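First comes the structure, then the notes that go with it.
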Amino acid sequence: MDKKTLHIFLGPVIFGFCLLFLHPLFSFKAAVAIGLTAWMGLWWILHPVDIAVTALLPIGVNALFNLVPASHIISQYFSEIVVLLVGSDLVSLTWTNTGLDKRLAIKALCFIGPSMKQQIIVWLVACTLLSALLPNVVVAMLMCPIAVSMLKFVGEEDISTSKVAIPILLAVAWGSGIGGFGSPLGGAANLTAISYLERIIGHEFMYIDWMVRFLPLLFIVMLLNIAILLMMPQPIKRLADTKEYFDKLNSELPKVGRGEAISFVLFAGATVLAFARPLFAASLPAMRPAYVFFIAGLLTFVLKDEHSEVLLKWKQAEKGLMWGMFFLFAGGLALGRLVTETGAAQRLAELITILPLAGGIETISIFVVFSTFLSEISSNTAAASIAIPVVQSIAQQMALNPIPYIMAVIVAVNCAYILPLSTRAIPVSYGLNPSNLFRYGLRLTLLNIILTTVIGYVIMRYIPAFSQF
């Protein structure tokens, strides 16, 4: 048996072990869901089959064991987020046709500079700041094609084997994820948290209160992310050539053509509309960001460039669309549905309540680990929906103020790094190896758990005003 065949068999084997040993603690369906999580996680790390193939497992396993209604799983493979990815990808495909990708790559290199350390810091900070204001998926879809275009322009043709690409794509993946808790606008998980906080404090929760408390925490977490990235092995200290060279290339670029301009306006316009949704949500309640990007994608088939050619033809779309990314992202959503709807996540929460918790640092640590685990195997919104009410209930049963514990949970559900699920699926689809995501993400996850636990304990013990609204 060769190594690849062994890795293929290891997936079903670990699945069977989970069914055998978890059945006394979980219902059969919940044990199947956890076993599938272990199976998919192992295959994503060892990569014996394509990551998109692994992402299709929830369909087959759910059909075999009849865990939840099939429509609940199938619908995830063309959910609203997948619609957003399709639309964004269609617009991005026009970049190559029009030359916009080359122009953006040169502009980015002129702005950021060729230093690898500077590249890493700027990519992570930029993604973090953007994801505080826009959905994490939108930020990852916005930044990944620009980063990949830049890397290919400097000679890194095979992104999947490029050592230079690893820290830059990790910076995009991590920054797009952690920035979500920087403001209430950063994601649905934050709005879920706000709804629970309003019930606790008994009055409207002001967004400025969120910013004042969470921006300092985001800054600390961001510094940890930067430190891990800068400590990674770097094969080169500078990208090819010098900043002056890219400045020269920038000056030699031809005048922006009509096709380039339209491609840019479609993407930038969709991004602005996604951010400005509160302004037109009342009059266009169904026009969510996903459909804004999808309509922009459809327009690429009818709008013409300066040569009277459409920006994108369907045959080009068939070959260029990142079908694997759609399946990978959808597979994570489907897995999350199985974990929640089979009761596996709720049972994990119930097991926490039997632990000898005293309300101190060990309690915060357990809550942070639990929330981080949920966020790794589902979306941060699903993790927040499960973890926050559990944490609130346990804290109130112990006659404790639940707010500092909930604040730690909010940070934890926004800091997932290990598996290629949710936002992390996008950089992986652009060439980031899942084994690298696991290798560096595991290290960062452990450090982030410690950091979040310590921050939560300090707030609870020494800065009580910080957790009062």
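The values are calculated or read from the model by the stated rules, or taken from the named source; none is laboratory data. In this text the structure is predicted, and so the values were computed from the model without any measurement. Using ideal geometry, Cβ is built from the backbone for each residue, glycine included, and neighbour counts are taken over all protein chains shown. The accessibility values were calculated without ligands, DNA or RNA, using every heavy atom of the protein model including side chains. Shrake-Rupley method; radii C 1.70, N 1.55, O 1.52, S 1.80 Å.
Residues of the stretch 182-199 that are surrounded by 15 or more Cβ atoms within 10 Å (Cβ to Cβ) and at pLDDT below 70: LEU185, GLY186, GLY187, ALA188, THR192. Residues in the stretch 384-420 that are in contact with an Asp or Glu (Cβ under 9 Å, 6 or more places away or on another chain) and closer than 21 Å to ARG213 by Cα: ALA416 only. Take the residues in the stretch 419-463 that are out of contact with any Leu (no Cβ under 9 Å at 6 or more places or on another chain) and under 16 Å from ALA55 (Cα atoms), then tell me which one is surrounded by the most Cβ atoms within 10 Å (Cβ to Cβ). Checking each candidate, the answer is THR423. Exactly one residue out of LEU253, LEU321 is under 19 Å from THR96 (Cα atoms) and open to solvent by 30 Å² or more (accessible area, probe 1.4 Å), and it is LEU253. So, in the stretch 341-380, of the ones that are part of a helix (DSSP H, G or I), of a type in the set (Val, Ile, Thr) and crowded, with 21+ Cβ neighbours inside 10 Å, which residue ends up nearest to the chain's Cα centre (by Cα)? Ranking the candidates gives ILE377 first.
For HIS203, the criteria (1) in a helix (DSSP H, G or I); (2) under 20 Å from PRO402 (Cα atoms); (3) modelled with pLDDT under 75 hold in every case but one, which is (1). Would a scan of the stretch 383-391 turn up a residue that is of a type in the set (S, T, N, Q), open to solvent by 10 Å² or more (accessible area, probe 1.4 Å), under 27 Å from SER75 (Cα atoms) and in contact (Cβ under 8 Å) with a residue 24 or more places away in the chain? Yes, some residue in the stretch 383-391 is of a type in the set (S, T, N, Q), open to solvent by 10 Å² or more (accessible area, probe 1.4 Å), under 27 Å from SER75 (Cα atoms) and in contact (Cβ under 8 Å) with a residue 24 or more places away in the chain. Number of residues in the stretch 288-318 that are within 25 Å of ALA268 (Cβ to Cβ), in a helix (DSSP H, G or I) and either open to solvent by less than 10 Å² (accessible area, probe 1.4 Å) or out of contact with any Lys or Arg (no Cβ under 9 Å at 6 or more places or on another chain) (or both) equals 12. PHE327 falls short on exactly one of the conditions (1) under 19 Å from LEU57 (Cα atoms); (2) open to solvent by less than 70 Å² (accessible area, probe 1.4 Å), and that condition is (2).
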